[in-house]
1. Taking other Cβ within 10 Å of each residue's Cβ, how do LEU41, LEU128 sort, fewest first?
2. Relative contact order for segment 41-209 using alpha-carbon pairs under 8 Å, separation at least 6, rounded to a whole percent?
3. Among SER37, SER51, what is the fewest-to-most ranking by other Cβ atoms within 10 Å?
4. Report the trypsin sites (Lys or Arg not before Pro) located in segment 45-153 that are in a DSSP loop and have at most 10 other Cβ atoms inside 10 Å of their Cβ, or state none.
5. In Å³ and rounded to a whole number, note down the convex hull volume per residue for the Cα atoms of segment 41-209.
6. Once amide H atoms are placed 1.01 Å from N in the peptide plane, what residues at a sequence separation of 5 or more from PHE34, or on another chain, have their amide H within under 5 Å of its amide H?
7. Can you run phi through the Karplus equation (6.51, -1.76, 1.60; θ = phi - 60°) for segment 186-202 and list ³J(HN,Hα) in whole Hz, with x for Gly and Pro?
8. Multiply the residue separation of ALA108 and ASP40 by 0.36 nm, subtract the distance between their alpha-carbon atoms, and state the gained length in nm to one decimal.
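Read the figures in this text as sums done on the coordinates, not as results from a lab. Predicted, not measured: the structure shown is a model, and the values here were computed from it. Please note: Cβ atoms are built from the backbone with ideal geometry, for glycine as well, and neighbour counts cover all protein chains shown.
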Amino acid sequence: MRFGRKSASSSSTDLGDEDAADGATAAEEPVGPFDESEVDLEEFAGVDLGSLLVAPVGAMEMQLQVDEDSGQVMAAVLVGENGALELRAFAASRGGGAWDELRPRIAAEMARQGGTCDERQGSFGTELLCLVPVRTPAGEPATQTSRIIGYQGPTWLLRATLMGPPAQDDGLAAPWEETIRRVVVRRGTGAMPPGAPLPLTLPAEARRVEPPSQV
């Protein structure tokens, strides 16, 4: 898949001179996440989950969180050697502000669990760095670190939660951030209230996992 907007990626004009080369250098490559209207989906090479199209960067296993009672797919999860990335998409108003409204709610939930949530400026704007006390499988106390990113599109909000060492180490975060930038959101045309989760579909090859205890 070429990660560019349709107007740019559909052009195949061969400029072939110095001025053209300068122009190609000056042109900035669009950065995602993308709305489905901005890309050529016929060239997409990744996993189609209905409302989310995901193209992992590097060795990552795709899993899906499924509610066992309803059978509803709750989130897409990518798991790698040093961390994990959870992806969820929600309906949002065209006026924007969905991420600004959601951050205090996430912070309140983290506080209810005995953790902390601090705002910081990251690669995608204002993000949350959250620390929550947990117990290891051996029963030892530990801290779960997560970096929560919100990105608002035309009528949707993508929430990406990076967990493990990449949540704190910018060097380790690089492939995870690139994976987020490659996400395509398919909002659909049906009426949905702001904040409603966009439905995900379960491919046959996906592995079911239990929902996490965090937000």
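1. Ascending Cβ contact count within 10 Å gives the list LEU41, LEU128.
2. 32 percent.
3. SER37, SER51
4. When the trypsin sites (Lys or Arg not before Pro) of segment 45-153 are filtered for loop state and at most 10 Cβ neighbours within 10 Å, ARG94 remain.
5. Each residue corresponds to 142 Å³ of Cα convex hull volume.
6. Here the answer is VAL183, VAL184, VAL185, since their amide H atoms fall under 5 Å of that of PHE34.
7. Ordered by residue, 3J(HN,Hα) equals 10, 6, x, 10, x, 6, 9, x, x, x, 6, x, 6, x, 10, 9, 9 Hz.
8. Extra length from ALA108 to ASP40 when fully extended: 20.5 nm.
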